[in-house]
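Data block below; observations after.
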Amino acid sequence: MKPVHATLHENLPVIEVADKALLDRLLVDDRAAQYILLRLSDQVAIVGPGQFDLLLTYLRKQGHTPKVIQE
């Protein structure tokens, strides 16, 4: 059996949406998609390094009311 290698990333911004359709729409929107690095699941994606505030601003301009959780 091959060993499994895992990497822990600290301070990795993610976006989680309540509805799969919303993330689908963000990923086909060129303005929003430029900030999203990788989709992890139907409702979760990784935001690119240094792109979180830009995505947040864009979402607010589009009328979304994102909830930001920091730990």
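Rule-based calculations on the coordinates, nothing more; no lab input. For clarity, every value in this text was computed on a predicted model and none was experimentally measured. Backbone-built Cβ (ideal geometry, glycine too); neighbour counts: all protein chains shown.
What the table below lists for this structure:
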read-out: Cβ charges +1 (Lys, Arg) and -1 (Asp, Glu), total dipole of the chain, debye; value: 80
read-out: Folded to 0 to 90 degrees: helix 52-61 orientation relative to the chain principal axis, Cα; value: 30
read-out: Cα gyration tensor shape of the chain, rounded if a/c is under 1.5, else prolate or oblate by comparing a/b with b/c; value: prolate
read-out: Within-13-Å neighbourhood charge of Asp24 [Cβ basis; K, R +1; D, E -1]; value: 0
read-out: Karplus-derived 3J(HN,Hα), 6.51/-1.76/1.60, for each residue of the range 24-40, Hz, glycine and proline x; value: 4, 5, 5, 6, 9, 8, 4, 5, 6, 4, 5, 8, 9, 7, 7, 8, 9
read-out: In nm, spacing of pseudo-spin labels at Asp53 and Asp29 (7 Å Cα→C-beta vector); value: 2.1
read-out: Relative contact order computed over the range 16-61 (Cα-Cα under 8 Å; 6+ residues apart), in percent; value: 34
read-out: Listed peptides 8-14, 57-63 by packing density, highest first (mean Cβ within 10 Å); value: 57-63, 8-14
